[in-house]
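Note sheet for the following structure.
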Amino acid sequence: MIADDRTGDNANRSGKFSSGGPARLAHLAGVKIEPMKILISTYRCNPDQGSEGWCGWSAVRCLAQDHELHVITAGFNRDDLGRAAREGLIPPGVHCHFG
C-alpha cells in the first residue's frame, strides 16, 4: 500500500502522528534497530510546502519512527512547524531548532 497523501501511512484520520512501533520494517529483514539520537540539518522542513520543504519534512517523519531527532532548520519554517506542533503533527521525540 502506498500512501499518496501528506498524512502518510502513520497518521490516523485526525492527522496526528502515531508511530507504528519501533523498527516497523526492520523485522522483515531480521534486523534490530537500536534507537539513536540524531542531529539532522534541513534548510527546508515544512509540512505545508511541496518539493524541497516536503522532502525535509518526510525525512524527519521517517527517522522519527525509530529515533529521537534534533532538527536544525531555517527560521522561516518556525510558524508552520509551530502550527504543526499545536495540531499534533510533529512526532514525539522531534525537537526543532531554528537558525
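Throughout, read-outs are computed from the coordinates displayed, never taken from laboratory work. Remember, predicted model here, so these are calculated numbers, not experimental data. Here Cβ is always computed from backbone atoms with ideal geometry, including for glycine, and neighbour counts include all displayed protein chains.
Taken along the Cα-to-beta-carbon direction at a fixed 7 Å, the label points for E68 and C55 span 3.0 nm.
Amide H contacts of S41 (H built 1.01 Å from N, in plane; Pro and chain starts excluded): I72 sit under 5 Å, all sequence-distant by 5 or more or on other chains.
Label-to-label distance, V31 versus D79, with points set 7 angstrom from Cα along the beta-carbon direction: 4.0 nm.
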